[in-house]
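These notes concern the structure reproduced below.
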Amino acid sequence: MTLAGLTLAYLRDRALNTALNVLILALAVATMVILLLVSTQLGERFERDARGVDLMVGAKGSPLQLILSSVYHVDVPTGNVPLETVEMLRADPTVAKAIPLALGDNFEGYRIVGTEPAYLDHFGASPAKGRVWAASGEAVIGAEVARRTGAGLGQKFVGSHGLGGDDGGAAHDERPFQVVGILKPTGSVIDRLILTSVESVWDVHGIAHGEGEAHDHDEEAHAHDHDHEHDHAPANASLQQGKMAPEVTAILVSYRSALAAVRLPAFINRQTQLQAAVPAVETTRLLALLGVGVEGARALAGLMMATGALSIFVALYTALRQREGDMAMLRVMGATPRAIFGQVLAEGLILAAAGALIGVILGHLATAGAVATFGTLRDVGIDPWRFLTAELWIVGGALAAGGIAALIPALRVFRVDIAATLANAR
């Protein structure tokens, strides 16, 4: 039997011990892989989705909630703001663009967002099939929405109250949307949105808009909209002369000059109904809060890896003491101390390699399970099957831990007294 075969035979001989050592190390590696996947992709997603967004304007409330709901689309909005706010911002010479967003409904858990074609331009999105909406009731869907729902051009669908598929809101059966375009993948939040005009969202909720324009809805439709009024949607609009007034949920703002960053947020926050939130500031604050938990979990994973290495050390050291007679016989049969040293070291590396490989697989499987279970992880676009270069460093760390743990027991090979060991064996 070769030394490699002997190594595998020794590992099989103590199968339970081997399995436990591998499991401890695998759990540590899996924890680190999960943290790496989530933290890396979360940071990348936040940066990508907020690129070019200098300011978000919305209703009074939590600035972080405004950013999460209107930039990343993973929270409920703080409320609505008057439509006049859009024109006020556009009239400001320091503002390059002000894009309105109207939220409130979803289709199969994907948010329906009323906006303007400029929102597509902001993300560099364009139709892969079809065209951009041109009339009320027309919608374009993101690449992820198309892939997961199977919706195609010409298909009609009905939006439901609320911003998630489990909200249990009533459907707007009287105002279906029709898919007129499917967007190319952008790798941004727009892949997971259904986009239409702001006027379409108003029409769905029975909100009159335009000069003297009023869309006729029968009494049943008005009663339906009133009974299911949102607490975070355009149906939340203020009443004027007994009718809902046009409002928007938030406004995406990009600056024309640096002066806007100095004066505009303070000006907006002084308004009674408005607040301004800077995505860069709120995202940094959020990542800092998450970072505390991530660092704590990473420290725990490091401790688990150290425990796994210690377990390998104890197992090999104990096994080696029991196999001193075998080592002496191998020496008599012509095996060199260096070859036996390599055989013992190989045991530690095999254990570490098995733990690292299983840990990487477990990490991705656990992340996939979390994404399937928690809608927020899916909404921010966490890809559980994306392999990162940094995972190689985790694997390398596990191999190093296994090698170091095996090194001390392996050095005993050079201190074995063959004659004394064989004499004691008799």
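Read-outs throughout are calculated quantities, based only on the coordinates presented, and are distinct from any laboratory measurement. Because the structure is predicted, anything quoted here is derived from the model rather than measured. Cβ sites come from the backbone with ideal geometry, for glycine too, and all protein chains shown count toward neighbours.
Rg and Dmax of the stretch 75-134, both derived from C-alpha coordinates alone, stand at 13.8, 40 Å. Over the Cα atoms of the stretch 34-193, the radius of gyration divided by the Kirkwood radius equals 0.96; this is the Rg/Rh ratio.
In terms of the mean number of neighbouring beta-carbon atoms within 10 Å, the peptides 386-394, 117-125, 301-309 order highest first as 301-309, 117-125, 386-394. Highest mean packing comes first when the peptides 12-21, 249-258 are listed by Cβ atoms within 10 Å, giving 249-258, 12-21.
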